[in-house]
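The next block holds one structure in the form of structure tokens; read it before the comments.
Computed from the coordinates by the stated procedures, all read-outs in this text should not be read as laboratory data. Values in this document were obtained by computation on a predicted structure and should not be read as measured data. Here Cβ is always computed from backbone atoms with ideal geometry, including for glycine, and neighbour counts include all displayed protein chains.
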């Protein structure tokens, strides 16, 4: 079981290094279903793991000049406030409710990943310019609150915000998101520590494996096709989200027509977005056109 946890943690790190997100979306289920932790302890531990791993994965991105420092630091400052508040609020929310919210966040994340960006989205803002302060404040507080409350959503909310709304190139959005993720992960952890203990031996083991994966992922980020990775990971997130919902709601709840209908609509929406994105994908140029 320990070897499986370590191997899965390496995947967590690679996801953060390559995509700038996905750390907690994978870490919480790993800690709950493979390491046997309860939900609140897993959420708190995941924030520590993701915070340290994001700092490590940030290094190769910074060396390659793929970090927008002003936007990242300001975004991180606002999101830290939201993350601390979310972490304190999580103490009063039942563990089952946290995991259900976590699974729904996974499905929402999958939609964001599978949706095809608007044409010219990355060119909307010159690459050297930063986001306006009012946008940074509003989006930072919202992303931070979600991260602190359910231990997830930071990277996969940040990257679309920076790439689509901010107009940053994908590489810069990924690198900058790692800076923000590290900041609000530690802020969210501070909020959780007031009411949750952490198994530091397990946390450090998982973190070491994730850091190794993060360093590899950071180096691969500029070489692996981002579009293909986002699509594959989006479908993977759908599968994990449905699994977590099934575990938490149970067979009886899932058999209820209202629950089945809601889950069916959610999954169908994700599939429709993915299929539409696939049909609209640009044709690869042939040898004579390249």
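For a paramagnetic label modelled on residue 64 (point 7 Å from Cα along Cα→Cβ), amide N atoms under 16 Å away belong, within the range 173-210, to 173-179. The calculated FRET efficiency for the pair residue 89 and residue 3, based on their C-beta separation and a Förster distance of 35 Å, comes to about 0.45. A full extension of the chain between residue 227 and residue 73 corresponds to an added length of 52.8 nm, given 0.36 nm per residue minus the alpha carbon distance. Descending by average beta-carbon neighbour count within 10 Å, the peptides 33-40, 207-214, 235-242, 193-200 line up as 207-214, 235-242, 33-40, 193-200, the highest first. Simple spin-label estimate for residue 247 and residue 138 gives 3.6 nm between the two label positions (7 Å along the Cα-to-Cβ direction from each Cα).
If the segment from residue 193 to residue 38 were pulled out straight at 0.36 nm per residue, it would be longer than the present Cα-Cα gap by 54.3 nm.
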